[in-house]
Structures are given as structure tokens and as C-alpha cells.
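These notes concern the structure reproduced below.
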Amino acid sequence: MPSAGAHASSPRDWWGFSVDEAEFQAGMLHHHYPCLAGMVKDPDFNDTLMHVSGHILKEQVAEQVKPYRREVYIVPAVGTIRQETEPD
């Protein structure tokens, strides 16, 4: 579950980001938006509720934008970047 306040504020702040940035920006907006989530480790998750809820939000955003994202493959030996919709 997203932490208090962050989930409701984030979608309106996402306008203008490309789908390729959506997952990262959702996590950043969630983490930096003031809310009441504590930074004490929860024993059930072995992490803070802010981090757990941020990971859940990022996973959900990633799932929703996946069909629209561009896949970029970097070929180190050649040093070129190519964009494809599916790997070879």
C-alpha cells in the first residue's frame, strides 16, 4: 500500500514525463513528497514502510507503462546503441 499522501499526489505530478521515465519518476515523487510514513524498519518487511510502498508503486507503474516503453539495447563491443521493439 502506498504511504499516506504520496499516492494521491503523485499522478497529477507525472504529467509531462515520458513512459520511459515513469517508473523512476513515480519512485522519486513518492519518496520526496511529504507524508507521514515512518522510516522505522517494519519487522514483517525488514524495510521501512516508505520504501515498501515506494517499491509497490514503482512496480505498478512499470506494469502499466510496459506496453508503451522503448527497449534500448547497448552493444558494448561495437559501441553503438540500437532501438528495437523486440530482442533479436
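Derivation of every value follows stated rules applied to the coordinates shown; laboratory data play no part. Every value quoted in this text rests on a predicted model; they were computed, and no experiment measured them.
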#### Entry: Gain on full stretching of the segment that runs from D47 to Q64 - 0.36 nm per residue minus C-alpha separation
3.6 nm
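What full-extension length gain, to one decimal in nm, is calculated for W15 and V72 as 0.36 nm per residue of separation minus the Cα-Cα distance?
Numbers: separation 57, 0.36 × 57 = 20.52 nm, distance 2.29 nm.
Value of the extension gain: 18.2 nm.
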### Query
How large is ³J(HN,Hα) for each residue in the stretch 55-66, as worked out from phi by the Karplus curve 6.51 cos²θ - 1.76 cosθ + 1.60 (θ = phi - 60°), to whole Hz, x for Gly and Pro?
5, 5, 4, 4, 5, 5, 5, 4, 4, 6, 8, 3
